[in-house]
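Student: Below is one structure. I have some questions about it.
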Protein chains: 2
Amino acid sequence: MKRTILAVLLLASTAPALAQPAPAPLPAVSPQVVALRDAALHDELAYGIVEGLTTEVGQRLAGTEAEARGRDWAIAKLKSLGFANVRVEPFDMPTWTRGPEAVEILAPFPQKLVVAALGNSASTPSGGITGEVVGFDDLAGLEAAPDAAVRGKIVFVSHAMPRTQDGSGYGFFGGPRRQGPSIASKKGAIAIVIRSIGTDYHRNPHTGVQVFAAGVKPIPAGALPLPDAEQLQRILKRGKPVTMRLILVSQTGRGQSGNVIAEVPGRDPRLPPILVGGHLDSWDQGTGAIDDAAGVAIATAAAKRIMEAGRPLRTIRVVWFGAEEPGLFGGRSYQARHTEPHYAMAESDFGSGRIWRINSKLGKEREVEARTLQAALEPLGVVPGKLDAADGSDIGPMIEAGAPAVELSQDGTHYFDLHHTPDDTLDKVDLEDLRQNVAAWTAMLAVLSGGIEPQPKQPKRR
Amino acid sequence: MKRTILAVLLLASTAPALAQPAPAPLPAVSPQVVALRDAALHDELAYGIVEGLTTEVGQRLAGTEAEARGRDWAIAKLKSLGFANVRVEPFDMPTWTRGPEAVEILAPFPQKLVVAALGNSASTPSGGITGEVVGFDDLAGLEAAPDAAVRGKIVFVSHAMPRTQDGSGYGFFGGPRRQGPSIASKKGAIAIVIRSIGTDYHRNPHTGVQVFAAGVKPIPAGALPLPDAEQLQRILKRGKPVTMRLILVSQTGRGQSGNVIAEVPGRDPRLPPILVGGHLDSWDQGTGAIDDAAGVAIATAAAKRIMEAGRPLRTIRVVWFGAEEPGLFGGRSYQARHTEPHYAMAESDFGSGRIWRINSKLGKEREVEARTLQAALEPLGVVPGKLDAADGSDIGPMIEAGAPAVELSQDGTHYFDLHHTPDDTLDKVDLEDLRQNVAAWTAMLAVLSGGIEPQPKQPKRR
């Protein structure tokens with residue numbers, strides 16, 4: 001151990017490139033922000049929202065009656081919490097719903113595996129389809145394959161997605177889910193199964209949306225859990241032809257979704273509002289506890305804390321977006337409807353792990369405010385991040401279009417163990433982690449709100 | 001930290017009750033045993049058996065064609081490894097096989113849960129049965145309930161099984177599975193669902209056998225995963241009547257199973273053999289990697305190492321028991337057929353975790369041998385345990401009847417995360433842990449075998 005330390009010190013002293021300048025001091029944070037932040041570490045509301053929504057509604061698949069029950073639940077909850085202007089902004093959308101699913105190796109080693117259809121998968125007949133499996137280690141392998149190797153077959157695509165803290169593996173390694181079905185169909189495959197875009201070894205497949213490219217014939221598309229994907233790889237490796245029967249029944253239609261909106265009115269209603277939120281809908285196999293009951297709960301609990309403290313200068317608008325999972329329908333509907341400027345927007349949609357970094361994109365002229373946000377959060381163990389970048393799911397297109405935004409990055413090290421699986425349930429939410437989130441969001445809102453003043457004395461009730 | 005250490009030292013010096021006598025020195029271990037043990041830490045065979053059996057056969061439900069394919073696989077493998085007297089000792093048995101399963105809360109909060117039937121569950125009609133749920137925190141609660149509180153209802157029983165290293169929670173806390181269905185039926189329940197007898201929070205229910213008491217009418221009996229059991233508890237706690245639809249279709253019949261037996265012949269065939277083994281059958285949802293492909297693989301790999309080293313004095317008999325899961329059918333068949341004395345017996349059937357303790361029951365007159373076994377294993381991190389106790393699953397009745405036995409206790413801290421679930425798959429087997437098992441079993445066999453001598457020169461093949 002000592003030798004290692006010595007080596008590091010020697011390296012440091014002889015390698016000036018490694019030496020870092022002392023970070024610039026952060027601005028002071030007002031006692032009001034500090035007090036609100038620290039009190040939020042004892043928050044009970046966020047957990048209560050996650051518990052209530054997941055218990056009393058359960059899964060909330062976009063565009064279905066389950067999501068509608070979720071909206072009813074949200075409206076009742078937000079009203080009971082005392083928010084103003086509680087309302088639904090509805091929109092219509094295409095729906096896709098899961099039916100019976102099964103997968104079985106018929107030869108050379110007969111056995112059942114586990115599968116879940118990907119969103120927008122074509123439906124098989126109820127008896128399924130049967131074909132020979134052709135396997136690829138990654139999407140590039142499928143892309144490079146001649147059509148003749150794929151035509152009439154069931155494609156299997158694996159990948160090597162690693163566990164990361166910031167979720168950065170999901171973009172590249174999500175390719176087999178997002179592009180795989182379209183590529184396989186173009187080459188004449190009769191179906192595709194992929195290694196789940198996940199990091200856990202449980203028999204719970206990861207679903208998720210995919211959209212067939214324009215002009216491509218939809219084919220059945222499913223995900224195998226990692227143990228099953230590796231089992232199939234082992235079977236393929238034996239070199240004998242592998243025959244699979246795949247049942248992926250699903251239905252498409254039209255349905256209604258909506259964004260649930262609630263506000264903490266600002267003292268100056270002419271000022272642009274601060275938008276915070278998450279999404280109400282979930283995939284259909286778990287109860288959507290971390291994706292994204294936690295998100296709406298964190299944003300709502302933080303806004304409620306500001307409301308309890310008094311009147312912020314700026315209006316805080318809480319949005320529980322509908323239909324995020326099938327393709328940001330809620331975010332796009334909000335964007336089309338709300339062309340007014342926003343002071344800032346932030347969305348919580350990466351589980352319930354602790355906030356470990358703050359990024360923001362408020363513009364050069366608001367750098368002091370951005371750095372005050374960093375200062376307000378660093379006592380929670382939050383790394384000051386970028387000042388010119390922020391991301392979010394439903395709010396992504398609005399950020400791209402120029403809306404100022406803050407991104408409180410959650411630790412996603414374990415997120416893809418649960419993401420889009422039956423395992424996304426309440427027991428995965430850690431109360432203390434959730435409270436740290438609420439504290440960070442409360443501090444953020446306290447800074448952005450422009451100062452909170454006491455409520456004017458209420459006239460006595462008659 | 002220093003203060004804590006000081007306090008402990010002071011406590012030790014003033015509390016003679018805490019002082020332990022130095023343990024008696026263990027006997028010397030022969031260099032042959034040491035060499036065989038340490039070489040086994042590089043074993044490849046055990047993992048190869050687990051990989052092959054779980055990949056090429058998959059699940060091996062007792063009495064079904066899948067278990068028969070498992071026997072064929074075992075026979076071919078044991079012959080190819082060079083064992084002698086490779087054979088099946090078949091037996092007939094009742095079978096129970098799983099059909100479609102589903103569970104749904106209809107009111108007050110409509111949602112699907114996950115369920116698996118327990119072994120010997122009665123079948124529901126294909127459309128299921130519907131009833132009001134009455135919940136109990138433990139088996140005692142159900143036992144204490146008046147019949148009127150249960151009659152015509154679906155019983156739910158929870159429990160508080162903790163995680164333990166030695167599996168000691170499984171006896172008491174397994175009550176809801178073993179006795180719950182009979183008690184519920186006697187009180188007039190139409191069905192029962194229990195909190196899985198497990199320790200993990202994945203949506204994978206733990207099945208397992210239960211047998212209805214004599215004269216009790218079989219009812220549908222299932223297990224909910226822990227997240228679902230706690231969800232149901234939360235729903236019940238809301239105080240509104242809870243209606244459940246339960247589909248647990250299953251079939252009963254008759255089938256054939258068998259014990260697969262292979263031997264390393266001893267130099268003196270008149271001496272009683274050493275029996276080592278595990279069980280070939282598995283539950284039907286995973287691939288039975290830790291329960292119990294690992295067990296047969298460990299015993300077989302250890303026996304193969306003795307065979308490669310030369311000729312043991314005593315015959316080593318490797319048994320891959322059939323039909324352990326539904327009630328030790330293989331063990332009982334073996335016991336009925338093999339009334340000859342055994343020198344010792346040992347079974348590996350608690351996963352693939354490292355051996356942490358050795359217990360034995362070889363009789364007072366073989367204490368030096370028992371302590372030599374302890375000495376041979378302690379360098380592997382194995383605690384010398386009892387000299388008057390040993391256990392095993394299939395061999396349990398024979399130990400009870402007086403057969404000498406050794407128990408190499410595996411670390412079961414994580415066993416009940418996987419036990420009888422779809423998650424019992426190859427990826428859960430750690431190669432280094434498995435090798436430590438093989439080393440311990442090899443050392444045990446090297447001691448018990450009575451010494452291994454070189455093979456006599458083979459006459460040249462003509």
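Student: Taking only pairs six or more apart or across chains, which ones have beta-carbon atoms under 8 Å, a first residue in segment A:90-111 that is under 14 Å from A:Thr64 (Cα atoms), and a second residue that is surrounded by 19 or more Cβ atoms within 10 Å (Cβ to Cβ) and of a type in the set (Phe, Trp, Tyr)?
Tutor: Within 8 Å, the pairs are A:Phe91/A:Phe329; A:Met93/A:Phe329.
Student: Taking into account only those residues within segment A:120-161 that are in contact with a Lys or Arg (Cβ under 8 Å, 6 or more places away or on another chain) and hydroxyl-bearing (Ser, Thr, Tyr), which is surrounded by the most Cβ atoms within 10 Å (Cβ to Cβ)?
Tutor: Restricting to residues being in contact with a Lys or Arg (Cβ under 8 Å, 6 or more places away or on another chain) and hydroxyl-bearing (Ser, Thr, Tyr), the top hit is A:Ser158.
Student: Determine whether segment B:80-87 contains at least one residue that is crowded, with 24+ Cβ neighbours inside 10 Å and either within 14 Å of chain A (Cβ to nearest Cβ) or under 30 Å from B:Gly381 (Cβ atoms) (or both). Can you show your working first?
Tutor: Applying the first criterion (crowded, with 24+ Cβ neighbours inside 10 Å) to segment B:80-87 yields none.
No: segment B:80-87 contains no residue that is crowded, with 24+ Cβ neighbours inside 10 Å and either within 14 Å of chain A (Cβ to nearest Cβ) or under 30 Å from B:Gly381 (Cβ atoms) (or both).
Student: Scan segment A:268-278 and tell me whether some residue there is part of a strand (DSSP E or B), more than 14 Å from chain B (Cβ to nearest Cβ) and open to solvent by 20 Å² or more (accessible area, probe 1.4 Å).
Tutor: No, there is no match, as no residue in segment A:268-278 is part of a strand (DSSP E or B), more than 14 Å from chain B (Cβ to nearest Cβ) and open to solvent by 20 Å² or more (accessible area, probe 1.4 Å).
Student: For A:Val211, indicate whether it is more than 25 Å from the chain's Cα centre (by Cα), closer than 30 Å to A:Thr64 by Cβ and not small (Gly, Ala, Ser).
Tutor: Against the criterion (more than 25 Å from the chain's Cα centre (by Cα), closer than 30 Å to A:Thr64 by Cβ and not small (Gly, Ala, Ser)), A:Val211 does not qualify.
Student: Where residues in segment A:391-425 are charged (D, E, K, R) and either without any contact (Cβ under 8 Å) to a residue 12 or more places away in the chain or closer than 14 Å to A:Asp292 by Cβ (or both), which of them is most open to solvent (accessible area, probe 1.4 Å)? Walk me through how you get there before you give the answer.
Tutor: So in segment A:391-425, the residues charged (D, E, K, R) come out as A:391, A:394, A:400, A:407, A:411, A:417, A:423-424.
Going one step further and asking which of them are either without any contact (Cβ under 8 Å) to a residue 12 or more places away in the chain or closer than 14 Å to A:Asp292 by Cβ (or both), we end up with A:394, A:400, A:424.
Numbers: A:Asp394: 0, A:Glu400: 168, A:Asp424: 7 Å².
Result: A:Glu400.
Student: Can we say B:Thr64 is buried (at least 16 other Cβ atoms within 10 Å of the Cβ), under 22 Å from the mean Cα position of the chain (by Cα) and within 14 Å of another protein chain (Cβ to nearest Cβ)?
Tutor: Spelling it out, B:Thr64 is indeed buried (at least 16 other Cβ atoms within 10 Å of the Cβ), under 22 Å from the mean Cα position of the chain (by Cα) and within 14 Å of another protein chain (Cβ to nearest Cβ).
Student: Moving on to the next point. Those residues that are more than 22 Å from A:Ile183 (Cβ to Cβ) and among the polar types (S, T, N, Q), I need them from segment A:207-246; list them, please.
Tutor: A:Gln231, A:Thr243
Student: Moving to a separate point now. Out of (1) free of Cβ contacts under 8 Å to residues at least 40 places away in the same chain; (2) surrounded by fewer than 18 Cβ atoms within 10 Å (Cβ to Cβ), what's the single condition that is false for A:Arg245?
Tutor: Result: A:Arg245 fails condition (1) only.
Student: Shifting gears a bit: Would you be able to say whether some residue in segment A:88-103 is at negative phi, out of contact with any Gly (no Cβ under 8 Å at 6 or more places or on another chain), more than 12 Å from chain B (Cβ to nearest Cβ) and modelled with pLDDT of 95 or more?
Tutor: Scanning segment A:88-103, I find at least one residue that is at negative phi, out of contact with any Gly (no Cβ under 8 Å at 6 or more places or on another chain), more than 12 Å from chain B (Cβ to nearest Cβ) and modelled with pLDDT of 95 or more, so the answer is yes.
Student: Can you name every residue in segment A:375-427 that is more than 14 Å from chain B (Cβ to nearest Cβ) and among the β-branched types (Val, Ile, Thr)?
Tutor: Result: A:Val382, A:Val383, A:Ile395, A:Ile399, A:Val406, A:Thr413.
Student: While we're on this one: Taking segment B:308-330, which residues are surrounded by fewer than 22 Cβ atoms within 10 Å (Cβ to Cβ) and of a type in the set (A, V, I, L, M)?
Tutor: B:Ala309, B:Leu313, B:Leu328, listed by residue number.
Student: OK, next. Check B:Ala229, B:Ala297, B:Ala223 and return the single one that is more than 14 Å from chain A (Cβ to nearest Cβ), in contact (Cβ under 8 Å) with a residue 12 or more places away in the chain and under 30 Å from B:Phe109 (Cα atoms).
Tutor: Result of the check over B:Ala229, B:Ala297, B:Ala223: B:Ala223.
The values are calculated or read from the model by the stated rules, or taken from the named source; none is laboratory data. Remember, predicted model here, so these are calculated numbers, not experimental data. For neighbour counting, all protein chains shown are included, and Cβ atoms are generated from backbone atoms with ideal geometry for every residue, glycine included. Ligands, DNA and RNA are excluded from the accessible area calculation, which covers all protein heavy atoms including side chains. Shrake-Rupley method; radii C 1.70, N 1.55, O 1.52, S 1.80 Å.
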